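The values are calculated or read from the model by the stated rules, or taken from the named source; none is laboratory data. Because the structure is a prediction, the values reported are computed rather than measured. In this analysis, Cβ positions are derived from the backbone assuming ideal geometry, glycine residues included, and neighbour counts consider all displayed protein chains. For accessibility, only protein heavy atoms count, side chains too; no ligands or nucleic acids. Shrake-Rupley method; radii C 1.70, N 1.55, O 1.52, S 1.80 Å.
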Amino acid sequence: MKVLGVSGSPIRNSNTDRALKAALEATGVETEFIKLSKYNISPCIACLGCVDTNLCIQKDDGIMLAEKAREADALIVAGYTPYSSLDARTKAFLERLYPLRHQKGLMQKKPGGIIVTCAVPQGHPMLPNACENGINAISYYMMEEGMEIVGKVAILGNAPCVRCHAFPGCETSGLRMIFGPEATVESVGIHSFEDQPETMDAARELGRDIAAALKTR
Ligand SMILES: Cc1cc2nc3c(=O)[nH]c(=O)nc-3n(C[C@H](O)[C@H](O)[C@H](O)COP(=O)(O)O)c2cc1C
């Protein structure tokens, strides 16, 4: 049994990556971690060139990544939420799994897990629920391909402004947009997956539940 974990986060050793690795480790089976930003992957071009072969005709890393998903027994997809939606790399990866659909439904019934990091806390009075949007986007892929969604984990991450040299002078600070005009890096803090015990438990539980779902297949 093998579980493939795919992270769309381009940040080195990000919250998203660490949560995905925690979930993979908790499966207790063979796993592979993929960081999409290390690969070239374009979105689907809707040409239907994959209908008879279940292989994409675009010559980039999307073919190899889809083959990894095809060979894996379960898939955990982890993304983040620029502009309150699922990030483009993770979305492109999901679109490039379309070749696995035709005629055979090659992802059907595979257990799937979802992890999404967002900077806007859930329940924010004005801003969209970014984590929910990201989770929904991955869920829709899994649902429409007949996968078994085993679990969903939302992580509170950081606005890029916490690492930006232009803050606090910047007039368009995302940190202030989210946390109010007086927000500083010190008052908001740096949000770490490891400082969110419930989220860590949820990531490990996701891994264990994926392993349990694999045993029943
Ligand atoms: C261009 C850009 C736009 C972003 N917009 C949002 C947003 O609208 N809502 C949100 O929750 N997070 C937003 N983020 C923050 C990312 O979700 C954040 O980088 C994520 O929480 C992962 O960061 P971390 O792993 O460093 O914590 C944005 C990040 C970038 C780079």
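If you check Phe179, Phe193 for being of a type in the set (Phe, Trp, Tyr), open to solvent by less than 30 Å² (accessible area, probe 1.4 Å), touching a helix residue (DSSP H, G or I) at 6+ places or on another chain (Cβ under 7 Å) and modelled with pLDDT of 95 or more, only one passes: Phe193.
Just for the stretch 123-182: of the residues that are among the charged types (D, E, K, R) and part of a strand (DSSP E or B), which one is nearest to Asp201 (Cα to Cα)?
First pass over the stretch 123-182, keeping only residues among the charged types (D, E, K, R): 132, 144-145, 148, 152, 163, 171, 176, 182.
Now narrow it down to the ones that are part of a strand (DSSP E or B): 148, 152.
On the way: Glu148: 21, Lys152: 12 Å.
Ranking the candidates gives Lys152 first.
When the stretch 28-39 is limited to residues that are of a type in the set (A, V, I, L, M, F, W, C) and open to solvent by less than 40 Å² (accessible area, probe 1.4 Å), the one that is farthest from the ligand (Cβ to nearest atom) turns out to be Ile34.
One residue stands out among those in the stretch 183-205 that are part of a loop (DSSP other than H, G, I, E, B) and aliphatic (A, V, I, L, M): the one that is farthest from the ligand (Cβ to nearest atom), which is Ala183. Do you know which of the residues in the stretch 108-163 that are open to solvent by 50 Å² or more (accessible area, probe 1.4 Å) and of a type in the set (A, V, I, L, M, F, W, C) is nearest to the chain's Cα centre (by Cα)? Here the answer is Ile149.
Could you give every pair whose Cβ atoms fall below 9 Å, whose first residue belongs to the stretch 129-151 and is at positive phi, and whose second residue is open to solvent by less than 50 Å² (accessible area, probe 1.4 Å) and part of a loop (DSSP other than H, G, I, E, B), counting only separations of at least 6 or pairs across chains? Hits for this filter: Gly146/Gly105; Gly146/Met107; Gly146/Lys110.
Quick check: anything in the stretch 172-181 touching a strand residue (DSSP E or B) at 6+ places or on another chain (Cβ under 9 Å), over 21 Å from Ser14 (Cα atoms) and of a type in the set (D, E, K, R)?
No; the residues of the stretch 172-181 include none that is touching a strand residue (DSSP E or B) at 6+ places or on another chain (Cβ under 9 Å), over 21 Å from Ser14 (Cα atoms) and of a type in the set (D, E, K, R).
When you look at Leu214, is it open to solvent by less than 30 Å² (accessible area, probe 1.4 Å), away from the ligand (no atom under 14 Å from the Cβ), assigned to a helix (DSSP H, G or I) and in contact with an Asp or Glu (Cβ under 9 Å, 6 or more places away or on another chain), yes or no? Judged against the criteria, Leu214 is a match. If you go through the stretch 8-24 and pick out every residue that is more than 25 Å from Pro111 (Cβ to Cβ) and either surrounded by 13 or more Cβ atoms within 10 Å (Cβ to Cβ) or away from the ligand (no atom under 16 Å from the Cβ) (or both), you end up with 2. Which is in a strand (DSSP E or B) and open to solvent by less than 50 Å² (accessible area, probe 1.4 Å), of Leu94, Leu65, Leu75, Leu86? Answer to the selection: Leu75. Considering only residues that are open to solvent by less than 70 Å² (accessible area, probe 1.4 Å) and either over 21 Å from Gln108 (Cβ atoms) or in contact with a strand residue (DSSP E or B) (Cβ under 7 Å, 6 or more places away or on another chain) (or both), look in the stretch 51-62 and name the one that is farthest from the ligand (Cβ to nearest atom). Applying the filter and picking the extreme gives Gln58.
For (1) open to solvent by 60 Å² or more (accessible area, probe 1.4 Å); (2) in contact with a strand residue (DSSP E or B) (Cβ under 9 Å, 6 or more places away or on another chain); (3) not in a helix (DSSP H, G or I), each residue gets a yes or a no:
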position: Ala26; (1), (2), (3): no, no, no
position: Ile41; (1), (2), (3): no, no, yes
position: Gly49; (1), (2), (3): no, no, yes
position: Arg70; (1), (2), (3): yes, no, no
